[in-house]
Each structure stands twice: as structure tokens, then as C-alpha cells.
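Taking it in order: structure first as C-alpha cells, then the write-up.
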Amino acid sequence: MDILKRRRAEAETRWVFPSATGTLRDPDNTRARFRMVVEKAPYKGLHPHDFRHYVAGVLDDAGLTAREIADYLGHERISTTQEDYMERGVVGEDVGPALERPTIELPKDEG
């Protein structure tokens, strides 16, 4: 994190990792470079998109709502975040107590 903060402070552009001309990098070139670096590391097969899944998992574990995570990832629909990025099968501790005290009011007899 310190390195990223230093890069930001010393940057001549608004981008942390700009191209040689100070603009955004071309996605295809960036993916090719990423593949080349990852191939030589113990993370062969890692894709840049995997970091989005990792971040979503960390935010989910931290207790952020699906809406907050979707906003952070830039998803227009919460369903995209929930279906593609969040783990299923995790039952929160608040589920049991919430179900013990139903808040549904039964209809009264209209007599």
C-alpha cells in the first residue's frame, strides 16, 4: 500500500499505472503483460478479473451489503454482484433470532 501511495503522490497523471504517454493503458496490452508476468509466478492461470472476485469476497466478509459491493464494483444491477461475485450458503447468525419473532400480522376477522 505504501508503494501505491508513493506512486500516486509522485504521479504526473491521474492514473496510478499510466501508459508511457501518460494515458490509460490499452486493455489488450495490459492483459498480455499480466499473462506474461503471472506465467513466471506461482499463480499461473490467474486472470486480472480474479481480483474483482477477491475484492467482492473481502467486502462481503467485512459485512458490506450487496448494494454497497455492487456500487464499489460498478455493477448497475445488484443481482450481478450477488450471482457472480458473492458466496452462497453462508447463513448469518441473525437469521434464527429474526425468524423466532415473526412480524407478520394476521388479518383480523371482518365480522
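The values are calculated or read from the model by the stated rules, or taken from the named source; none is laboratory data. Treat the numbers as computed from the prediction; the structure is a model and nothing was measured. Cβ placement follows ideal geometry from the backbone for every residue including glycine, while neighbour counts extend to all protein chains displayed. Remember, those area values only see protein heavy atoms, side chains included, never the ligands or the DNA or RNA. Shrake-Rupley method; radii C 1.70, N 1.55, O 1.52, S 1.80 Å.
Quick look at the numbers
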quantity: Members of the stretch 66-80 that are surrounded by fewer than 11 Cβ atoms within 10 Å (Cβ to Cβ) and within 12 Å of the chain's Cα centre (by Cα); calculated: 74
quantity: Meets criteria (open to solvent by less than 70 Å² (accessible area, probe 1.4 Å), assigned to a helix (DSSP H, G or I) and modelled with pLDDT under 90) for residue 38; calculated: yes
quantity: The one condition in (1) exposed (fewer than 15 other Cβ atoms within 10 Å of the Cβ); (2) assigned to a helix (DSSP H, G or I) that residue 63 fails to fulfil; calculated: (2)
